[in-house]
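S.K.: One structure is given below, represented as structure tokens, and several questions about it will come after.
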Amino acid sequence: MNSFLNYNCSCCNNNLVLINNFGKMPLANAFIDKKLFHKEHFFDLKTAFCEKCKLFQLVDQPKKELMFNDKYPFYSSLSEGMKLHFTNLYKNIFKNHLSQFDDPLSLEIGCNDGIFLENFKINNLRHIGIEPSSNVANIAKNKSINVLNKFFNNELTNYIIKNYGEAHLIYAANVICHIKDINSLFSSVEKLLHKKGKFIFEDPYLGDVIKNNQFDQIYDEHVYLFSIISIENICKRYNLEIVDCEKLLTHGGSMRYHIARTGEYLVNEKVSKIKDEEIQLGLDKKDIYLKFDENCKKFKNNFVNLLRDLSDKNQSVVGYAATSKSTTILNYCNISSEYLNCIFDSTEDKQGKFSPGMHIPIRSDADFTKIKSNYCILFAYNHKKEILEKEHKYSINGSKWIELFPLPKIIND
Ligand code: DWN
Ligand code: SAH
């Protein structure tokens, strides 16, 4: 089913085409105590595509304060792989961009626990982190990182310009796709950016989501999934342009966009090459998204059948990593503790609680190999290498991992 909606595009105000309807959904990171089950917040998780500016988006996003507050349970530094990712990126950005300036100012939107900015702190570089979730912001502050515990917006932009001046680097990882008012965001960036400054950001990439059927990247926080085509359209409005882009393996497939004021830097030919690939794939037309919706339904069918089959054979199934992404999968496929005993996770704030919506118990990852199970669903497929290395003992006695995408499958069966 597809229809025009009475909703307009958050970017260009055009009428939207409805793509997915995943049904009632809780907030992806609202891990919950039993006594609060009756108060749980739900919203309609639907996606839509704008045929004018080509932006793939949520139809509706819950209020930002409901998602990002003093209890945000995602701590970036829990992954060793991601720490290395951000240290390498720091070295690269310093060498190729910041080193040309005297005393450059770098600003990170959504710095979380300071995983990226600690490199700036260690190297005595001027920096500001903007982080609305106070629990994670406090961890960054305790590392002596300069953090403003606020949402990034126009008012804060004026404050920063007045007190610190223009930014030579504005950086954001897995944050821009969380901010609904994309026009206000780009207008603030444009105001804040030094003439030769760069706005570099990375987010899960729409092309990978569509190709690999990773619909779990769709949840309350991810109001957009971007492509070169859609970002280019936004940039034009603010006299900015994409001067370079990089495909990344992080978060199951991401894109890093390097943006500057139009005409200030040479444009790498990769930008038009990847844009051509997107057109080849069909990311500029609605048909591929309607096919994607069919693939999501196929996933649901296969996943439910697989878990039902294992349950009929009295096989115990657990999960590894209570990711935000897993909330979409479990609620859309309606997987309760009848099919999934528990999920093991390294985040203390999640342990002892229950998963949003389906109320699967969350247990400490320290117990993972102590408790015998036959199958384990790897929800954090983006940390596969790190987790499989850490938990190499799991398969020794014949237990097996289940991989999710493009369709659920038992590894080494
Ligand atoms: O965009 C976002 C990305 C950056 O992070 C946010 N909206 C929220 C979050 O998404 P996620 O929860 O899907 O992120 P991850 O990194 O795929 O999953 C992290 C979860 O996995 C945490 O709960 C910790 C857990 N984990 C674990 O238990 N053992 C992670 C690793 C690496 C491990 O070894
Ligand atoms: N950059 C980190 C964290 C990503 S999670 C990483 O890649 O690991 C998204 C982060 O963005 C959260 O810490 C959240 O609190 C923050 N955030 C959400 N909306 C924001 C906004 N409007 N301004 C600044 N940060 C925001």
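S.K.: Kindly state, to the nearest 0.05, the FRET efficiency for Asn135 paired with Ile396, given R0 = 30 Å and r defined as their beta-carbon distance.
M.R.: The calculated FRET efficiency here is 0.20.
S.K.: Long-range amide H contacts for Lys400: which residues qualify at under 5 Å (H placed 1.01 Å from N, peptide plane, sequence gap of 5 or more or a different chain)?
M.R.: For Lys400, whose amide H was placed from the backbone, the distant partners under 5 Å are Tyr375, Cys376.
S.K.: Let me ask something additional. Percent of accessible area on region 127-224 owned by carbon and sulfur, 1.4 Å probe?
M.R.: The nonpolar share, carbon plus sulfur, comes to 45 percent.
S.K.: Go through Lys247/Lys298; Lys270/Lys384; Lys143/Lys211; Lys24/Lys191 and tell me which ones have a Cα-Cα distance over 32 Å in this structure.
M.R.: Lys143/Lys211; Lys24/Lys191
S.K.: How high is the relative contact order of region 152-308, in percent, counting Cα pairs under 8 Å that sit 6 or more residues apart?
M.R.: Once divided by the residue count of region 152-308, the mean separation gives 22 percent.
S.K.: Sort 243-249, 221-227 by the packing proxy (mean of other Cβ within 10 Å over each peptide's residues), most packed first.
M.R.: Top of the packing list down: 221-227, 243-249.
S.K.: By accessible area of protein heavy atoms, probe 1.4 Å, what ranking do Ile182, Ile122 get, highest first?
M.R.: Ile122, Ile182
S.K.: Between Lys384 and Lys211, what's the calculated FRET efficiency when r is the beta-carbon distance and R0 is 22 Å? Round to 0.05.
M.R.: Given R0 = 22 Å and the Cβ-Cβ separation, E is 0.80.
S.K.: Measure off, as a whole percent, the carbon and sulfur share of the 1.4 Å-probe accessible area of region 351-413, all protein chains present.
M.R.: 50 percent
S.K.: Dipole magnitude of region 319-374 about its Cα centre, charges +1 at Lys/Arg Cβ and -1 at Asp/Glu Cβ only, in debye to the nearest 20?
M.R.: With Lys and Arg at +1 and Asp and Glu at -1, about 80 debye.
S.K.: Compute the distance from the alpha-carbon center of region 6-47 to that of region 184-261, in whole Å.
M.R.: Answer, in whole Å: 22.
S.K.: Right, something else. Please list, or write none, the lysines whose alpha carbon is within less than 24 Å of the alpha carbon of Lys141, excluding same-chain residues fewer than 8 places away.
M.R.: Correct list for Lys141: Lys64, Lys71, Lys83, Lys91, Lys121, Lys150, Lys162, Lys350.
S.K.: If you take the Cα atoms of the chain, find Rg, then find the Kirkwood Rh from the mean of 1/r over all pairs, what is Rg/Rh?
M.R.: Result for the chain is an Rg/Rh of 0.96.
S.K.: Mind giving me the nanometre distance, one decimal, between the label points for Asp349 and Ile411, set 7 Å out from Cα along Cα→Cβ?
M.R.: Those two pseudo-labels are separated by 2.8 nm.
S.K.: Taking amide H atoms as placed 1.01 Å from N in the peptide plane, list the residues 5 or more away in sequence, or in a different chain, whose amide H sits under 5 Å from that of Phe379.
M.R.: Tyr320
S.K.: Which cross-chain or sequence-distant (5 or more) residues have an amide H under 5 Å from the amide H of Ile259, H modelled 1.01 Å from N in plane?
M.R.: Phe199, Ile200, Phe201, Val243
S.K.: Hey, what did the chain get for relative contact order, percent, Cα under 8 Å, at least 6 apart?
M.R.: After rounding, I find 15 percent.
S.K.: If you count only protein heavy atoms with a 1.4 Å probe, what accessible area per residue comes out for the chain, rounded to a whole Å²?
M.R.: Per residue, the chain has 43 Å² of solvent-accessible surface.
S.K.: Further question on the same structure: Work out from phi, with θ = phi - 60° and the Karplus expression 6.51 cos²θ - 1.76 cosθ + 1.60, the ³J(HN,Hα) of each residue of region 321-335, listed in order in whole Hz, and give x for Gly and Pro.
M.R.: So the J values, rounded to whole Hz, are 6, 7, 6, 4, 4, 5, 4, 5, 4, 5, 6, 5, 8, 6, 9.
S.K.: Expected output is a single nm value to one decimal: the length gained when fully extending between Asn239 and Asn21, i.e. 0.36 nm times separation in residues minus the C-alpha distance. What is it?
M.R.: Length difference between fully extended and current span is 75.0 nm.
The values are calculated or read from the model by the stated rules, or taken from the named source; none is laboratory data. Everything quoted here is computed from the prediction, not taken from an experiment. When we count neighbours, we look across all protein chains shown, and the Cβ atoms used for this are built from the backbone with ideal geometry, even at glycine. Quick note on the areas: whole protein, heavy atoms, side chains included, nothing else; ligands and nucleic acids left out. Shrake-Rupley method; radii C 1.70, N 1.55, O 1.52, S 1.80 Å.
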